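Derivation of every value follows stated rules applied to the coordinates shown; laboratory data play no part. Computed from a predicted structure; not experimentally measured. All Cβ positions, glycine included, derive from the backbone under ideal geometry; neighbour counts span all protein chains shown.
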Amino acid sequence: MLEWLEQDVDSGSRDRRRFWIARIFEALRLRRGVAPFQPTWATSWYRFQREVLAAAHPADRWAERLGVRISDCPQWLIVLRYAVRDAGTVARPTQLDGGFYGYHFPPPPASALVVGGHPMDLAVPSTTGVLIPEFLHKQIDHTADQWDAGGSLLGKIPGPTSEDIATQRTTPHELPGKTYPGVVSWMPSCI
């Protein structure tokens with residue numbers, strides 16, 4: 001399957017990629033009718049563009065910057081851009097939303113004045129000094145037009161994150177600690 005994707009999607013034309021992305025969205029739409037998956041995690045286009053895309057990072061860095069653990073097998077990521085009004089109600093993620101996902105860093109109490117939370121940067125060491133926002137919204141139907149609006153970005157992540165979770169969890173203390181006073185007293189240890 002991965003070989004086929006590489007030949008037909010990665011090395012294909014933009015139109016060919018768009019064709020497959022539209023088919024994937026259609027399959028997801030049909031699947032959601034049978035087994036909905038909630039919620040969708042998102043960030044702001046402004047911050048993502050400024051902090052991630054402007055630095056011309058590869059797809060694995062997109063995932064790291066948004067706190068998405070890279071699994072053991074290759075994965076494909078696409079960037080979507082859509083209006084908040086299309087997402088419906090947008091909320092700040094909490095520990096209840098993160099559940100037992102070890103790469104979720106709950107928003108510190110001092111961030112209550114901020115609209116969203118902040119994803120954990122999984123790069124070790126973190127190459128940024130700026131927190132980006134993190135939001136939740138209900139699952140929606142996506143379109144290839146949203147892929148177009150996001151710059152038609154498609155990237156392959158070759159393999160797993162290189163650092164262990166204990167090393168990666170030192171980063172969330174450092175970055176929010178620069179923005180929100182009292183993070184260390186609120187959560188003395190991230191491990």
* Enter the angle in degrees (range 0 to 90, nearest 10) between the Cα long axis of helix 14-34 and the first principal axis of the Cα atoms of the chain, meaning the one along which they spread out most. => 70 degrees
* To do: Bin width 5 Å, alpha-carbon pairs only: give the P(r) of the range 32-113 as whole percents, running from 0 to the bin holding the largest distance.
  => 3, 10, 18, 21, 25, 16, 5, 1
* To do: Please list, in chain and number order, the residues 5+ apart from W76 or on another chain whose amide H is under 5 Å from its amide H, with Hs placed from the backbone.
  => I157
* For the chain, rounded, prolate or oblate, judged on the Cα gyration tensor with a ≥ b ≥ c (square roots of eigenvalues), a/c < 1.5 rounded, else prolate if a/b > b/c? -> prolate
* Asked: For the range 1-68, with equal point scatterers placed on the C-alpha atoms only and solvent neglected, what are the log10 I(q)/I(0) values from the Debye formula at q = 0.19, 0.24 1/Å, to two decimals?
  -> -1.10, -1.08
* Asked: Applying the Karplus parametrisation 6.51 cos²θ - 1.76 cosθ + 1.60 with θ = phi - 60° to the phi angles of the range 38-55, what ³J(HN,Hα) value in whole Hz is obtained for each residue in order, glycine and proline being reported as x?
  -> 10, x, 9, 9, 8, 10, 7, 4, 4, 5, 4, 5, 6, 8, 10, 5, 4, 7
* How do the peptides 143-155, 28-40, 61-73 rank, highest first, by the average count of neighbouring beta carbon atoms within 10 Å per residue? -> 61-73, 143-155, 28-40
* Would you grab the residues whose amide H sits under 5 Å from the one on Q139? Only those 5+ places off in sequence or on another chain, please, with H modelled 1.01 Å from N. => T40
* **Length gained when the stretch D86-A35 is fully extended (0.36 nm per residue, less Cα-Cα span)** => 16.3 nm
